[in-house]
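Worksheet: one structure, shown below.
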Number of protein chains: 2
Amino acid sequence: MLELAILGLLNGSPMHGYELRKQLAQVLGGLRSISYGSLYPALKRLHAAGYVTTDEPDRRTPLPADAPPLTGRRGKVVYTITAEGKERFAELVSQAGPEAYDDGGLFGVRLAFFRHTAADVRLRILEGRRRTVERQREGLRASLSRTRERLDRYTLELQRHGLESVDREVRWLSELIDSERQGADPPASDPSAGTSRPAAAPRTTPGPSTDRSRS
Amino acid sequence: MLELAILGLLNGSPMHGYELRKQLAQVLGGLRSISYGSLYPALKRLHAAGYVTTDEPDRRTPLPADAPPLTGRRGKVVYTITAEGKERFAELVSQAGPEAYDDGGLFGVRLAFFRHTAADVRLRILEGRRRTVERQREGLRASLSRTRERLDRYTLELQRHGLESVDREVRWLSELIDSERQGADPPASDPSAGTSRPAAAPRTTPGPSTDRSRS
DNA sequence: GATCGATGTATCGGCACGATACATCGACCT
DNA sequence: AGGTCGATGTATCGTGCCGATACATCGATC
């Protein structure tokens with residue numbers, strides 16, 4: 001999930017981790033902040049996969065048993081997306097499978113980068129998300145009416161509040177879908193989001209299986 | 001977090017894991033289901049800590065290299081809470097620290113077992129939760145008005161919806177707090193929720209600070 | 001000139017998750 | 001009689017995220 005978010009942000013401009021973390025918090029809706037314990041491993045994976053590069057050419061001073069306080073410089077590390085990374089991002093952003101909307105967290109990230117997603121894919125994702133949440137709602141409704149008498153007030157309140165939340169989410173999604181169906185000009189929206197056309201690669205001949213990256 | 005939920009359920013009656021999982025899904029609000037990958041390790045920890053016991057007296061047939069398909073019986077395992085477990089549960093359920101409301105998941109579980117929690121502790125937890133969510137709301141508000149112009153429609157919608165959600169949660173909590181402050185007899189409510197004195201009074205003996213509770 | 005808070009990179013242990021394997025049982029179909 | 005299918009049931013594995021923490025630099029304030 002972070003993979004998409006990080007690539008999306010770096011696709012905008014290079015950054016170091018600290019900045020990335022702040023922007024990430026914005027993207028994820030403001031409340032769910034990302035921790036360094038997720039961010040740096042994720043960057044490491046992306047780097048290993050060849051999707052990002054760093055400056056600071058491996059200035060990793062090992063010395064684990066020699067100089068006690070480790071006075072080796074630890075400069076800023078700027079992460080930059082590669083061509084493969086941009087490719088990967090475009091690929092991720094154009095997928096509409098269940099994983100795109102079954103997980104709420106991932107869905108939020110997808111929504112945050114909707115301007116890079118084709119209009120028909122946007123619609124499919126929104127509708128898929130609505131279906132998922134509707135199913136949750138029905139399950140919740142059933143459970144609530146089934147156990148209405150047997151549970152204490154607090155559990156009931158919790159479920160009632162949860163039900164109202166999913167209900168609100170369904171309505172919210174419906175509004176988004178409606179305004180998506182009307183032209184509803186999503187403001188500006190860069191043209192890199194070609195509609196369902198495989199786009200025949202505007203540039204960067206995809207190079208099907210060039211796994212040359214593996215060292 | 002699971003620790004409390006499991007102890008709480010087993011405090012009701014012994015169960016095996018499968019049943020536990022189903023009940024857990026109810027307790028957690030209906031939408032967040034718990035997976036076996038969390039449940040069984042959690043039960044293992046609780047067993048190691050002496051909070052639960054199992055029947056099936058270590059019928060663990062090792063044979064990892066002998067009989068290929070492992071035909072050893074794998075019977076049902078019933079988990080039962082111990083005296084120490086009940087003690088632990090009572091302790092967990094009477095704490096009102098920040099960890100009780102800063103994490104939304106844990107708060108939900110706490111709420112689900114509120115009938116085992118003393119009235120004054122209930123109030124403290126609800127108010128703490130409200131403070132936490134209010135802070136989130138303010139942060140979100142600030143971020144929204146700060147970036148209103150610079151972000152695309154989807155991100156904005158996401159943040160707006162998030163803001164409305166936390167706003168609704170604040171109002172919901174306020175209602176709970178109000179009805180808690182009025183007598184608002186939480187239905188029946190078993191007497192095991194004595195502040196530290198077992199069942200001093202039928203209702204609302206606020207029992208001033210007297211921090212007798214610490215062991 | 002020292003401390004303090006923001007900025008900044010990075011790891012560690014722990015917990016929860018999804019996927020999966022293994023196993024039994026009743027029901028319904030053939 | 002056999003078959004398979006779905007619910008029940010216990011359990012592990014690899015992965016990913018998190019909180020806490022360590023280490024490090026820099027600017028401002030005192």
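The values are calculated or read from the model by the stated rules, or taken from the named source; none is laboratory data. All values derive from a computational prediction rather than experimental measurement. Virtual Cβ from ideal backbone geometry, glycine too; neighbours counted across all protein chains shown. These accessible areas exclude ligands, DNA and RNA; they are computed on the full protein's heavy atoms, side chains included. Shrake-Rupley method; radii C 1.70, N 1.55, O 1.52, S 1.80 Å.
Close contacts from region B:160-171, counting a first residue that is in contact (Cβ under 8 Å) with a residue 24 or more places away in the chain and a second that is of a type in the set (A, V, I, L, M), with Cβ to Cβ under 6 Å and a gap of 6+ residues or different chains, come to B:LEU163/B:LEU140; B:VAL166/B:VAL133; B:GLU169/B:VAL133; B:VAL170/B:VAL133. All told, B:GLN136 falls short of being closer than 27 Å to A:GLU175 by Cα, open to solvent by less than 30 Å² (accessible area, probe 1.4 Å) and at pLDDT below 90.
Identify all residues within region A:126-155 that are of a type in the set (A, V, I, L, M, F, W, C) and out of contact with any Leu (no Cβ under 8 Å at 6 or more places or on another chain); write none if there are none. Correct list: A:ALA142, A:LEU151.
The set of residues in region B:122-146 that are facing chain A (nearest Cβ under 7 Å) and either more than 26 Å from B:GLY108 (Cβ to Cβ) or among the small types (Gly, Ala, Ser) (or both) comprises B:GLY139, B:SER143.
When you check A:GLU164 against the structure, is it closer than 29 Å to B:LEU173 by Cα, within 12 Å of chain B (Cβ to nearest Cβ), surrounded by fewer than 17 Cβ atoms within 10 Å (Cβ to Cβ) and out of contact with any Leu (no Cβ under 6 Å at 6 or more places or on another chain), yes or no? Taking the combined requirement at face value, the residue satisfies it. Quick one: count up the residues across region B:1-53 that are open to solvent by less than 50 Å² (accessible area, probe 1.4 Å) and in a strand (DSSP E or B). Count: 2.
Does at least one position in region B:80-90 carry a residue that is modelled with pLDDT of 90 or more, within 16 Å of DNA strand D (Cβ to nearest atom) and surrounded by 13 or more Cβ atoms within 10 Å (Cβ to Cβ)? So far as region B:80-90 goes, yes, one or more of its residues are modelled with pLDDT of 90 or more, within 16 Å of DNA strand D (Cβ to nearest atom) and surrounded by 13 or more Cβ atoms within 10 Å (Cβ to Cβ). Can you spot a residue in region A:91-111 that is within 15 Å of the chain's Cα centre (by Cα), more than 12 Å from chain B (Cβ to nearest Cβ), hydrophobic (A, V, I, L, M, F, W, C) and open to solvent by 40 Å² or more (accessible area, probe 1.4 Å)? No, the conditions are met nowhere in region A:91-111.
Tally time: how many residues in region A:1-26 are among the acidic types (Asp, Glu) and more than 17 Å from A:GLU84 (Cβ to Cβ)?
Result for region A:1-26: 1.
A residue that is surrounded by fewer than 19 Cβ atoms within 10 Å (Cβ to Cβ), within 22 Å of the chain's Cα centre (by Cα) and more than 12 Å from B:LEU31 (Cα to Cα) cannot be found anywhere in region A:140-157.
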